[in-house]
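Heads up, the thing below is written out as structure tokens.
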């Protein structure tokens, strides 16, 4: 009975698993996002497919992959969030997403097309301003402001078992890349690294640029031992990959400082320990991971 009520509802309902694969949706969601009944598909692939066919949600970008980098840097990172979605068919949705501790998420959207035009425009401008204030303009990933917001919210929640971990990552010898190849190539190396990282982490992890060539990665519910294994795999991939563009080939490596959350930690203390671990990693020869004691 409940399943039938949901399927007949005009409210859009969808459930995604911890890998961001659609597991259940009602008719209203499937019609809005052009998904077949029973189809299990990545959220990112829904966006790619609809963008290619000019349907579904309006995506104001020519480069869908660049848009996804920004969108995925937000998706699933907070326990709950609400935002607007404009559809190509002219409808306007108010979407509410809730993320469970196991990584599954519930999306519920209401059709608010009839909201007054002035209120709608104000909401759009406000949401756009918030997104821009929390996004790094060069790489399209989260910026320092958003990363510290995520860290504060993480620390405000009870410490779990396994505990959370955070990592600071720095591109090695980045100044030399700029000096040798120019700042344009340096900027593209930052973008290249950001995209590779975004594709390497879990949907529940949050990755962002703190400033310059320094980045932060937040691992909720992942202890330092498992986080170190994840980072080691990432460092190997980065080490064996070159940025190719503007007529040059640039191999680069990164160093990482990893720290596991303590119950007594606040944002300053956990960030400080991660920063010290990053310093030790660079002093120890670079292209390595240093786990804070």
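Things worth noting here:
- Subset of the range 101-127 (residues that are at pLDDT 90 or above and either outside any strand (DSSP E or B) or within 17 Å of residue 22 (Cβ to Cβ) (or both)): 104, 105, 106, 107, 108, 109
- Flag if residue 208 is assigned by TED's automatic domain parsing to the domain that holds residue 271, crowded, with 22+ Cβ neighbours inside 10 Å and touching a helix residue (DSSP H, G or I) at 6+ places or on another chain (Cβ under 8 Å): yes
- Given (1) closer than 20 Å to residue 221 by Cα; (2) buried (at least 16 other Cβ atoms within 10 Å of the Cβ); (3) modelled with pLDDT under 90, index of the condition residue 134 fails: (1)
- Residue in the range 109-125 that is crowded, with 17+ Cβ neighbours inside 10 Å, over 27 Å from residue 259 (Cα atoms) and touching a strand residue (DSSP E or B) at 6+ places or on another chain (Cβ under 6 Å) present: yes
- The numbered conditions (1) touching a strand residue (DSSP E or B) at 6+ places or on another chain (Cβ under 7 Å); (2) modelled with pLDDT under 90 are all true for residue 66 except (1).
- The range 52-68, residues that are closer than 19 Å to residue 195 by Cβ and surrounded by fewer than 19 Cβ atoms within 10 Å (Cβ to Cβ): 59, 61, 62, 63, 64, 65, 66, 67
- Within the range 226-241, the set of residues being surrounded by fewer than 12 Cβ atoms within 10 Å (Cβ to Cβ) and either over 22 Å from the mean Cα position of the chain (by Cα) or in contact (Cβ under 8 Å) with a residue 40 or more places away in the chain (or both) comprises 240 only.
- Of all residues in the range 1-47 being at pLDDT 95 or above and at positive phi, the one that is surrounded by the fewest Cβ atoms within 10 Å (Cβ to Cβ): 34
- Single residue of 245, 272, 285 found to be modelled with pLDDT under 95, more than 22 Å from the chain's Cα centre (by Cα), surrounded by 13 or more Cβ atoms within 10 Å (Cβ to Cβ) and farther than 29 Å from residue 100 by Cβ: 245
The values are calculated or read from the model by the stated rules, or taken from the named source; none is laboratory data. Remember, predicted model here, so these are calculated numbers, not experimental data. Every residue, glycine as well, gets a Cβ built from its backbone with ideal geometry; the counts of neighbours run over all protein chains shown.
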